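Here is the structure we will look at, set down as structure tokens.
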Amino acid sequence: MSDDSRSSGEGGGVERPRPQYGEYATAEEQRARIQRPEVTEALDAGVAPQPQPQPAPVADAPAGLVAPATRGARVDRIVTFGLLFYGLFSVVTTIVQLLNFPEYAERGAQMLGVTATFTNLSAGYVWGAAAALVYGVGWLLTAVFTWRRLRRGRIAFWIPLVGFVATALIAGICVTMALVGDATFMSAILDGVPN
């Protein structure tokens, strides 16, 4: 159908105005002209537009870690894993020391230059085991949160640092409770430390 036949009317002699701005175009023709200018040229020339090739589907990332895309992401992973491994070594050695709390407390006093004997053994073993448990659980939670964040491809080096601080604070409270529970040991520490 030509433009002249559309504007002259087909029945009853009623003239139909020439379409402007695609008013008589089908929805498909409007979408084609908006998205692709070459379709507009083809339709104006009276040629049927060729279907647009669909892009190939992007393969999903494997279920494992998202590959770091930048140098910064690789550096973050190296630092993060370094902190986690250092934390694991530190936690294991600290747990071993805390499970023998009287020796741990006496070694701490020696580092202050004081000779003192820890005598509240039952409280020392209980609070030492509690502090050891806090260190172990704290490291595990830190590792889980770090792993999740790395899987999402986000910066994660700060999680081991925050995990260390939070774990050390809670474990420090447990150690303090054991030390304060032995009045003789604490008075020897306070008297022996130079002002």
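The values are calculated or read from the model by the stated rules, or taken from the named source; none is laboratory data. None of the values given here were measured: they were computed from a predicted structure. All Cβ positions, glycine included, derive from the backbone under ideal geometry; neighbour counts span all protein chains shown. Keep in mind that these areas ignore ligands, DNA and RNA; they rest on the heavy atoms of the full protein, side chains included. Shrake-Rupley method; radii C 1.70, N 1.55, O 1.52, S 1.80 Å.
Summary table
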quantity	calculated
Point-to-point label distance, Ala27-Thr119, nm (Cα→Cβ direction, 7 Å offset)	9.0 nm
Net charge over other residues, Cβ less than 14 angstrom from the Cβ of Thr93 (K, R count +1; D, E count -1)	0
Per-residue HN-Hα couplings for the stretch 138-149 [Karplus 6.51, -1.76, 1.60; θ = phi - 60°; Hz; x = Gly/Pro]	x, 5, 4, 5, 4, 5, 5, 5, 5, 4, 4, 5
Accessible area per residue in Å² at 1.4 Å probe, computed on the stretch 93-195	61 Å²
Sequence of Trp127, Trp147 when ordered by accessible area, the most exposed leading, probe 1.4 angstrom	Trp147, Trp127
Estimated dipole of the stretch 69-164 in Debye, rounded to 20 [Cβ of Lys and Arg +1, of Asp and Glu -1, Cα centre]	840 debye
Estimated FRET transfer efficiency (Arg152, Glu15; beta-carbon r; R0 41 Å; 0.05)	0.05
Phe81 - accessible surface, heavy atoms, 1.4 Å probe, Å² rounded to 10	60 Å²
Long-range amide H partners of Thr119 with built H, under 5 Å	Phe185
Cα gyration tensor, the stretch 154-195 - rounded (a/c under 1.5), prolate or oblate	oblate
Nearest-10 value in Å² for the accessible area of Glu106, using the 1.4 Å probe	60 Å²
